[in-house]
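Please read the structure below before turning to the comments.
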Amino acid sequence: MPAYVILHTAEILDEELHAEFRRRVGPQLEAKGGKYLMRGNVSEVIGGDSSGHRRVAVMEFETTEQAQDWARDPQPPGEYADLRELRDRAARTISLIVESTD
């Protein structure tokens, strides 16, 4: 069953670092078997607390294990471990893995 990684960016702390993260993460995501379903700025909050909603990305993987391997990748420089550190310096984020029930 497919699994999805949802990345919610609540606050961008450094626009330049965040732009670098966005440039670098796509090729690495694809190399690990994932693909973007969508990513972009939040245009409107239609329910709940409207503060702290900047960007959202949804990525799809064939399995939960594949999503977990990508998200927890402890690999050496150049892999997602380095990109996570860059992302964490650039923004306040929340990441989720959601398993499909279909």
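The values are calculated or read from the model by the stated rules, or taken from the named source; none is laboratory data. Quantities reported herein were computed from a predicted structural model and do not represent experimental measurements. Note that each Cβ is placed from the backbone with ideal geometry, even for glycine, and that neighbours are counted across all protein chains shown.
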GLY33 surrounded by fewer than 11 Cβ atoms within 10 Å (Cβ to Cβ) and either part of a loop (DSSP other than H, G, I, E, B) or at negative phi (or both) | no
Could you look through the stretch 1-17, keep only residues that are in a loop (DSSP other than H, G, I, E, B) and over 21 Å from ARG92 (Cβ atoms), and pick out the one that is modelled with the highest pLDDT?
-> PRO2
Could you say which residue among ALA90, ALA67 is in contact (Cβ under 8 Å) with a residue 60 or more places away in the chain, surrounded by 15 or more Cβ atoms within 10 Å (Cβ to Cβ) and in contact with a helix residue (DSSP H, G or I) (Cβ under 9 Å, 6 or more places away or on another chain)?
-> ALA90
Within the bounds of the stretch 39-61, is there any residue that is part of a helix (DSSP H, G or I) and touching a residue at least 24 places away in the same chain (Cβ under 8 Å)?
-> no
For GLU20, indicate whether it is over 14 Å from the mean Cα position of the chain (by Cα), modelled with pLDDT of 90 or more and either aromatic (Phe, Trp, Tyr) or in a helix (DSSP H, G or I) (or both).
-> no
Qualifying position, being surrounded by 15 or more Cβ atoms within 10 Å (Cβ to Cβ), in contact with a Leu (Cβ under 6 Å, 6 or more places away or on another chain) and not hydrophobic (A, V, I, L, M, F, W, C), among GLU20, GLU60 | GLU60
What residue, among those in the stretch 70-85 that are assigned to a helix (DSSP H, G or I), surrounded by 13 or more Cβ atoms within 10 Å (Cβ to Cβ) and over 12 Å from the mean Cα position of the chain (by Cα), is modelled with the lowest pLDDT?
-> ALA81
